[in-house]
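Here is the structure we will look at, set down as structure tokens.
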Amino acid sequence: MQVNDLRRGMAFVYENNLFVVLDQTFTKTGRAQGHVKLKVKNMKTGARTELTFTGGDKIEKAIIEKKEMQYLYNDGINAILMDTETYEQIELPISKLEWELNFLIDGAMISMTESNGEFLGIELPDKVELTIAETELAVAGNTNSGAQKKAILITGLEIQVPQFIKSGEKVLISTIDGKYTGRSN
């Protein structure tokens, strides 16, 4: 396939590495040939990097299988997932899921990705609903229209939230950058 056809979430093989596209931009200046700039994540190592290709370059499309799984718990070494169709449980090293664990609560449904039987990672929705475990008190008199305070989610992730958010409230959090996006309904 051509690099021009790549979009966010698509996987491809380049230099014997498997990458997933996080962001893609196409630039063309004057008479020069266009360039495709990709922000990518190495599916095996988790490293994020940028790759630049000349428009029209060809790459190999990767075959990625997605399987719906349920996150059961984390035993400190492994994350335990269960296939909801076969009830088979698998263990994944938490070292491969460090960022994702900030958004996972027991019983959460996720998509696990694999290629040729090898675990690549899990896909989270763009936003997740989590409960505030504890938060600072609002500062009296702070009427700044963007005033934020520190809060800790039930997963342990520390975030900044608006002054009016209280402990025990459910909020929406972006899984891309870990930021507060709004109150949950």
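Of all residues in segment 60-89, those satisfying the criterion of being in contact with a helix residue (DSSP H, G or I) (Cβ under 9 Å, 6 or more places away or on another chain) and part of a loop (DSSP other than H, G, I, E, B) are Asp75, Gly76, Ile77. Scanning segment 1-25 for residues that are surrounded by 13 or more Cβ atoms within 10 Å (Cβ to Cβ) and part of a strand (DSSP E or B) gives Ala11, Phe12, Val13, Tyr14, Asn17, Leu18, Phe19, Val20, Val21, Leu22, Gln24. Looking for something modelled with pLDDT of 90 or more and under 20 Å from Leu157 (Cβ atoms) - is there at least one such residue anywhere in segment 50-72? Checked segment 50-72: at least one residue is modelled with pLDDT of 90 or more and under 20 Å from Leu157 (Cβ atoms).
Just to be sure, is Ala47 farther than 17 Å from Asn17 by Cβ and outside the structural domain of Ile159 (by TED's automatic domain parsing)?
Against the criterion (farther than 17 Å from Asn17 by Cβ and outside the structural domain of Ile159 (by TED's automatic domain parsing)), Ala47 does not qualify.
Within the option set Val128, Val161, Val139, being over 30 Å from Lys61 (Cβ atoms) and surrounded by 17 or more Cβ atoms within 10 Å (Cβ to Cβ) holds for one residue only, Val161. Anything in segment 27-51 that is surrounded by 12 or more Cβ atoms within 10 Å (Cβ to Cβ) and farther than 21 Å from Lys96 by Cβ? List them, or say none. Within segment 27-51, Gly34, His35, Val36, Lys37, Leu38, Leu51 meet the criteria.
Scanning segment 26-59 for residues that are hydrophobic (A, V, I, L, M, F, W, C) and either in contact (Cβ under 8 Å) with a residue 60 or more places away in the chain or assigned to a strand (DSSP E or B) (or both) returns Phe26, Val36, Leu38, Val40, Met43, Leu51, Phe53.
Would you call Lys66 touching a residue at least 24 places away in the same chain (Cβ under 8 Å) and within 20 Å of Thr175 (Cα to Cα)? So Lys66 passes the test.
Would you confirm whether or not segment 143-163 contains a residue that is among the polar types (S, T, N, Q), closer than 24 Å to Asn74 by Cα and touching a Lys or Arg at 6+ places or on another chain (Cβ under 8 Å)? Scanning segment 143-163, I find no residue that is among the polar types (S, T, N, Q), closer than 24 Å to Asn74 by Cα and touching a Lys or Arg at 6+ places or on another chain (Cβ under 8 Å), so the answer is no.
The values are calculated or read from the model by the stated rules, or taken from the named source; none is laboratory data. All of these numbers come straight from a predicted model, not from anything done at the bench. Note: ideal-geometry Cβ built from the backbone for every residue, glycine included; neighbour counts use all protein chains shown.
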